Each structure stands twice: as structure tokens, then as C-alpha cells.
Amino acid sequence: MLAAVMGCTLPSMTQSLLRSALHDRHAALGAKFAAFGGWHMPVEYADGGVLAEHAAVRESVGIFDVSHLGKLVVRGPGAVAYLNRCFTNDLDGIGDGQAQYTLCCDETGGVIDDLIVYRMAGSEVLCIPNAANAGTVAAMLRGNAPAGIEIVDRHTDLAIIAVQGPASAHLLQAIGFPVRHQYMGFVVRGATVVCRTGYTGEHGYELVVPAESSGELWDRLLAAGGAFRALACGLGARDTLRTEMGYPLHGQDLSREIGPLQARIGWAVGWSKAEFWGRRALIAERSATPDRRMFGIETLTRAVPRPGMAVHSGGVRGEGGAGAQIGTVTSGTFSPTRRVGIALALLRSPTDWSFGDEVALDIRGRRVAALLVKPPFVPSKVH
């Protein structure tokens, strides 16, 4: 059940997995754990489960431990200019105290990882890659770095706690943290970076804090959170929340085989930049038009799509039933907010399809009617 929610694997006793500094606190809250990106992380808690935790984020506030995310510090004279020659988005478009979503691509234009970068004061940038790809991104940056640029891996000595939902600002104010910065902006409060970022589509924050002090911060958030109906939330709810927003997950909706144009995130590419990894291949693909594109899918019943399911043309009601397979689901779940099945799917010959077209999903041999839609599946409230 848990693995189906978020595409993770349940760990065996013999697996060697990293543990968050908050692991014992999660266990005390009755968390169910799973292996994710090489870490042993909470998927849901005993006081609610995925549906209750999802609702808390949409209606009040949820508190997540996302310390499995990578943390790389790139510093030295020219650090910003160096990263701007590596990653796709244009770092010159933001200033100190701002964050940016960007991509690390290979020479074919495939996505090695998607990540958030934070321009700190001076010649320092904090990069937050995905857990499973942090080592690869670090190795690529080190392998190409000019003299004077240092890449410091802080994956285990920093923790990240996400506070997400309409009451998130009130909760942070209650424990004395600043909250009045803009979306994708951040401030530094002592040793803590308070970022207006998140992966849920709600107004929220991510707190990057030294691992040794993360337990105290977690305890303060939970203690103050009672007044705002806060819940501790696991990676199961994080996955249903991000799917409702149509946010891609690397390894499913983005990969070395699924590039930014196919995934409809070409806005994260600085096309006018003279240099970034994968530039030549991506420009050629844009000129030729991608042969596959990502679409949102919403079922017309409560049937639940899952990654790998086939998408067929023609719906299920026409003469002869559904037509040929036109694509595959990359992410799929039941939307707790909408109470329908939702999915992201990569369809071939994308100019043949339009939002609003009816298609059919092959769900365990049964054809289920669905519509092509444009994500997000629920309105974004990040601003």
C-alpha cells in the first residue's frame, strides 16, 4: 500500500540506509518507514495517515522532514557564473536572497536531476538536489570546476524541515521566524535558512538547519502547531500533494530519457544563455518539436492510475472501444482533494492530442475512461 502511494521500496533489515537526525522522533510518533533515495524516511504517521496528512496541508499546516534531500555548497570567486554555465536556468535572473528551480542535464538534453539553487550573500550558492542524485550532481560539478571553486557536500550535516499549508506563516511567526519574504525568496536567521519554497502547491516554507539542532526545531514546531491543527506529514502525502500540482518527480516524470521539453518545463531553461550542459541537444529538439509531451489525465471514475499503465486513444465509449496505445502514465494517484484518479502521462505524437480529449487507461486489463487535462489539478496557492 505505502509503496504504491509513492513508488518507494520497503526496506529489508539488511539494507544500509541513511537516517535523518529526526528518525527517533518519527518512530515515537508511530511513523511507517520506507527506503527513499538511500534514506530510511517516514511515509505516514499513526495519528492520521496519508489522507489526513494531505488534508492538513491543504486546510491548515503540515510539517515534513525532508532531510533526505541533498545539500551542496558551491563557493569561491565566480561560483554563480560557474553554476550558470552548468545548469539550465539563468542564475543572473535572480539576486542574493533568491532561489531558482533549475535542471542539471547531460549532453543529450536528458535530465540528470532537477534542483533548487539559493544565491547566498557573496560567492556562495546552496544547491538542493534530489537524494538519489546528489552524489552524481556533486561529482559533475567537481569534475568541471575551475580553480578556486569548491563543492562541499553537506548532505548529512544539514537537515531540512518543510512547513506547508495556509497556516504555515502563522506557525513560524509563533516560534519567532521571519515570514514576510516573497515566494522563492529566503532569509538567514542565525544558522537557519528560512526559504519560501515547497513541493505542495500551498503557501509554505523550507527550513535548512544544522542537523544537530533540527530536533529542537521539530519539537518547537509540533508544540506550537497544536494551535493551528498541524500534523506531522510523511512522504506519502508529499507525493499526493505534488501530483495534484502536476509537479514532476525525477525518475518518473523527468529522467535522462524524459527531457524538459517533453515534460513541459522548458520555462526552466535559459534559452538565450550561451552555455549550459545539454544546450546544443535541447536547442535542436526545440527546433524539431518534441515527439512526446506530458499531459495531465483525470479519470471519469474513482479508478486510480499508477505509473506504467498504458494510455489509449478514443476513450471507451466509441465504436470498437479504445484505440491504439498512445502513451504511458509516469505518475498517478488518487486525488484526496478532488476525489478522482489523476495522473501525468507521456504521450507520443503530441500534436494529435488536445486538452479535453477523452482517452482510456488500461487499469489491470480494464479500460477506464479519462480526460486529458492541463495541470495543476487543484489551484496553486504558493504566492
Go through A268, A223 for me and flag whichever is under 21 Å from A27 (Cβ atoms) and either under 23 Å from the mean Cα position of the chain (by Cα) or not hydroxyl-bearing (S, T, Y) (or both).
-> A223
Please determine, by comparing only the residues of region 19-58 that are in contact with a Pro (Cβ under 7 Å, 6 or more places away or on another chain) and under 23 Å from F377 (Cα atoms), which one is surrounded by the fewest Cβ atoms within 10 Å (Cβ to Cβ).
-> L51
How many residues, within region 136-153, are closer than 16 Å to G38 by Cβ and in contact (Cβ under 8 Å) with a residue 40 or more places away in the chain?
-> 3
Region 357-375, residues that are part of a strand (DSSP E or B) and surrounded by fewer than 14 Cβ atoms within 10 Å (Cβ to Cβ) | R366
Tell me, which residue of region 271-307 that is under 25 Å from the mean Cα position of the chain (by Cα) and of a type in the set (D, E) is nearest to I94 (Cα to Cα)?
-> E285
Quick one: in region 155-204, of everything that is assigned to a loop (DSSP other than H, G, I, E, B) and of a type in the set (F, W, Y), which residue is farthest from M120 (Cα to Cα)?
-> Y199
Could you tell me which numbered condition P307 fails, if it satisfies all but one of (1) crowded, with 22+ Cβ neighbours inside 10 Å; (2) in a loop (DSSP other than H, G, I, E, B); (3) modelled with pLDDT of 95 or more?
-> (1)
What are the residues in region 270-280 that are touching a strand residue (DSSP E or B) at 6+ places or on another chain (Cβ under 7 Å) and not small (G, A, S), if any?
-> W277
What do you reckon, is I326 free of Cβ contacts under 8 Å to residues at least 40 places away in the same chain and of a type in the set (A, V, I, L, M, F, W, C)?
-> yes
Residues of region 242-274 classified as in contact with a helix residue (DSSP H, G or I) (Cβ under 6 Å, 6 or more places away or on another chain) and either surrounded by fewer than 24 Cβ atoms within 10 Å (Cβ to Cβ) or closer than 13 Å to A343 by Cα (or both), total = 1
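Yes or no, residue by residue, for (1) free of Cβ contacts under 8 Å to residues at least 40 places away in the same chain; (2) over 25 Å from L207 (Cα atoms); (3) under 16 Å from the mean Cα position of the chain (by Cα):
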{"residue": "A230", "(1), (2), (3)": "no, no, no"}
{"residue": "L235", "(1), (2), (3)": "no, no, yes"}
{"residue": "T243", "(1), (2), (3)": "no, no, yes"}
{"residue": "S255", "(1), (2), (3)": "no, yes, yes"}
Of V316, V329, V378, the only residue that is assigned to a loop (DSSP other than H, G, I, E, B), among the β-branched types (V, I, T) and either under 27 Å from P290 (Cβ atoms) or at pLDDT 95 or above (or both) is V378
Filtering region 98-122 down to residues that are over 24 Å from Q262 (Cβ atoms) and surrounded by fewer than 16 Cβ atoms within 10 Å (Cβ to Cβ), which residue is modelled with the highest pLDDT?
-> A121
Consider R264 carefully, then state whether it is part of a loop (DSSP other than H, G, I, E, B), outside the structural domain of N84 (by TED's automatic domain parsing) and farther than 19 Å from G110 by Cα.
-> no
For region 333-341, does any single residue satisfy the condition of being surrounded by fewer than 18 Cβ atoms within 10 Å (Cβ to Cβ) and over 30 Å from G165 (Cβ atoms)?
-> no
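The values are calculated or read from the model by the stated rules, or taken from the named source; none is laboratory data. These numbers come from a predicted model, not from an experiment. Positions of Cβ are backbone-derived with ideal geometry, glycine not excepted, and every protein chain shown enters the neighbour counts.
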